[in-house]
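Asks: Following this message is one structure expressed as structure tokens.
The values are calculated or read from the model by the stated rules, or taken from the named source; none is laboratory data. A quick note: this is a predicted structure, and the numbers were derived from the prediction, not measured. Here the Cβ positions follow ideal geometry from the backbone for every residue, glycine too, while neighbour counts run over all protein chains shown.
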Amino acid sequence: MGPVDNTLERLGITLPAAPKPVAAYVPFTQSHGGHLIYVSGQLPFKDGKLLTTGPAPSAVTIELATEAARQCCINALAVLRDATNGDLDQIAQILRIGVFVLSDTGFDGQPKIANGASELLAAVFGNAGKHARAAVGANALPLNATVELELVAELRTPQKS
Amino acid sequence: MGPVDNTLERLGITLPAAPKPVAAYVPFTQSHGGHLIYVSGQLPFKDGKLLTTGPAPSAVTIELATEAARQCCINALAVLRDATNGDLDQIAQILRIGVFVLSDTGFDGQPKIANGASELLAAVFGNAGKHARAAVGANALPLNATVELELVAELRTPQKS
Amino acid sequence: MGPVDNTLERLGITLPAAPKPVAAYVPFTQSHGGHLIYVSGQLPFKDGKLLTTGPAPSAVTIELATEAARQCCINALAVLRDATNGDLDQIAQILRIGVFVLSDTGFDGQPKIANGASELLAAVFGNAGKHARAAVGANALPLNATVELELVAELRTPQKS
């Protein structure tokens, strides 16, 4: 177990199996040189079910939506674990996350909700977890999930696919 | 004609001229080293007209919206053809597609619609067409188009612009 | 002062201090090799206040929303200035901008509004400012801002962070 695995254990997080894409694409791609990993949009699946569905804040409280963003991020970590052949210490930097929050029209609290993911990344990876971010609202998301999160990361050592 | 051109012919797809951007930007950029191609958001133009306008599913059926996603992807392929100086076999990997589906509030079928693009990429490029994806809903899109699709691809050999 | 600084002066643009992220992330990241810069989603802050809030066109005219997109871009330039240690001439290419426009449902004028950013980039950087773009609508954005803009750029010379 490397440092990141130890941190996950300390945080009480057991990574699930990486969720299967819900359609005709793959969980991640890597650039030819193997440095950049693109992780597909993740939904807040936990134990095979969506943690929350419906928009914030009318159907889902900000607190629960924040939990959903964190769960999307846990699922992205599970994908990254696969992308690094199990060695999350290979993550040099989380370059960008995109966070889509299913929102009532005019709701403006996406940053707080997206922090559910951002704070987890900082806790797990330290400086390597500091990322650029775009957090926006959406009136509709796949499976009516409250949050969808995608991610681009850079590896220390290029991986062979 | 290379293998990808042969596949397009077998699929009965004739790539159009790459659509002109509808505003002050360019159809694609490439990174300095020429490895990464960023393709601008494509709308479902066909023969100079939008295939569909309005949201799914109230104004446009899921089936037609899926066709629209496929048409956006055909237009993205036309841009990639230009980006590769006509040699689509230079595509090493479709790294990511972003699919925005004009949606009625709460509609949750974006993955099926985005498959119109994803399945085409798999058919055209095989393994090189397997991509990461974010598919989301939007309450408003340029020209009231039903779908907008953007794409990042990697080339085998860096191209000179 | 380099050429880009001279252009900014000629345009009458004084870059502000780069806005602080409104939550737990960083203004920009750079890839390990230092070539790619990912700039976080920027809001139209000017002198510490949002230039506009609310959707276009019901709460904010298209003209003002276009100004807001330009202001987001000015703030992104301020972040890029930090990312290049003050030397904006290090920008080799603006690879992609993503523009989210807070929109009334069915509003289709996002391209015109996003041009507020695109035209500024062309004016400031010339050919290096020509970018790929995705402009879409959203029913909800952080702090109810009318526009959010994110950006990926490539540098001529890798920077040390």
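Asks: I need the full set of residues from the stretch C:112-161 which are without any contact (Cβ under 8 Å) to a residue 40 or more places away in the chain and of a type in the set (Val, Ile, Thr), in order please.
Replies: Once the filter is applied, which keeps residues that are without any contact (Cβ under 8 Å) to a residue 40 or more places away in the chain and of a type in the set (Val, Ile, Thr), the stretch C:112-161 yields only C:136.
One line per residue, one yes/no per condition, for (1) at pLDDT below 95; (2) surrounded by fewer than 23 Cβ atoms within 10 Å (Cβ to Cβ); (3) not β-branched (Val, Ile, Thr):
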{"position": "A:42", "(1), (2), (3)": "no, no, yes"}
{"position": "A:45", "(1), (2), (3)": "no, yes, yes"}
{"position": "A:50", "(1), (2), (3)": "no, yes, yes"}
{"position": "A:53", "(1), (2), (3)": "no, yes, no"}
{"position": "A:59", "(1), (2), (3)": "no, yes, yes"}
{"position": "A:71", "(1), (2), (3)": "no, no, yes"}
{"position": "A:96", "(1), (2), (3)": "no, no, yes"}
{"position": "A:99", "(1), (2), (3)": "no, no, no"}
{"position": "A:106", "(1), (2), (3)": "yes, yes, yes"}
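Asks: Have a look at C:145, C:138, C:128 and point out the one that is within 11 Å of chain B (Cβ to nearest Cβ) and under 17 Å from residue A:100 (Cβ atoms).
Replies: Answer to the selection: C:138.
Asks: So, one more: Of all residues in the stretch B:96-107, which are under 15 Å from the mean Cα position of the chain (by Cα) and not β-branched (Val, Ile, Thr)?
Replies: B:96, B:98, B:100
Asks: Which of the strands (runs of 3 or more DSSP E) found entirely inside the stretch B:8-117 contain at least 3 residues meeting this: over 27 Å from residue A:150 (Cα atoms) and more than 14 Å from chain A (Cβ to nearest Cβ)?
Replies: Because the criterion is at least 3 residues that are over 27 Å from residue A:150 (Cα atoms) and more than 14 Å from chain A (Cβ to nearest Cβ), no strands (runs of 3 or more DSSP E) in the stretch B:8-117 meet it.
Asks: Ok, one more. Looking only at the stretch A:106-127, decide whether some residue is out of contact with any Gly (no Cβ under 8 Å at 6 or more places or on another chain) and of a type in the set (Phe, Trp, Tyr).
Replies: There is at least one residue in the stretch A:106-127 that is out of contact with any Gly (no Cβ under 8 Å at 6 or more places or on another chain) and of a type in the set (Phe, Trp, Tyr).
Asks: Of all residues in the stretch C:98-156, which are within 22 Å of residue C:88 (Cα to Cα) and of a type in the set (Lys, Arg)?
Replies: Of everything in the stretch C:98-156, those that are within 22 Å of residue C:88 (Cα to Cα) and of a type in the set (Lys, Arg) turn out to be C:130, C:133, C:156.
Asks: Which condition number in (1) in contact with a Leu (Cβ under 8 Å, 6 or more places away or on another chain); (2) within 12 Å of residue A:78 (Cα to Cα); (3) aliphatic (A, V, I, L, M); (4) crowded, with 19+ Cβ neighbours inside 10 Å is the one that residue A:4 fails?
Replies: (2)
Asks: Inspect the stretch C:58-68 for any residue being under 30 Å from residue A:34 (Cα atoms), over 16 Å from the mean Cα position of the chain (by Cα) and in contact (Cβ under 8 Å) with a residue 60 or more places away in the chain and give the result as yes or no.
Replies: No, the conditions are met nowhere in the stretch C:58-68.
Asks: Could you tell me which residue of the stretch B:130-161 is modelled with the lowest pLDDT, considering only residues that are among the charged types (D, E, K, R) and over 17 Å from residue A:26 (Cβ atoms)?
Replies: Among residues in the stretch B:130-161 that are among the charged types (D, E, K, R) and over 17 Å from residue A:26 (Cβ atoms), the one modelled with the lowest pLDDT is B:160.
Asks: Filter the stretch A:108-133 down to residues that are closer than 24 Å to residue C:80 by Cβ and basic (Lys, Arg) and give me whichever is farthest from the chain's Cα centre (by Cα).
Replies: Within the stretch A:108-133, the match that is farthest from the chain's Cα centre (by Cα) is A:130.
Asks: Take the conditions facing chain A (nearest Cβ under 7 Å) and not in a loop (DSSP other than H, G, I, E, B) and apply them to residue B:153. Does it pass?
Replies: For residue B:153, the condition - facing chain A (nearest Cβ under 7 Å) and not in a loop (DSSP other than H, G, I, E, B) - is not met.
Asks: Could you count how many residues in the stretch C:1-59 are closer than 30 Å to residue A:155 by Cβ and touching a Cys at 6+ places or on another chain (Cβ under 8 Å)?
Replies: Going through the stretch C:1-59 one residue at a time, the tally reaches 1.
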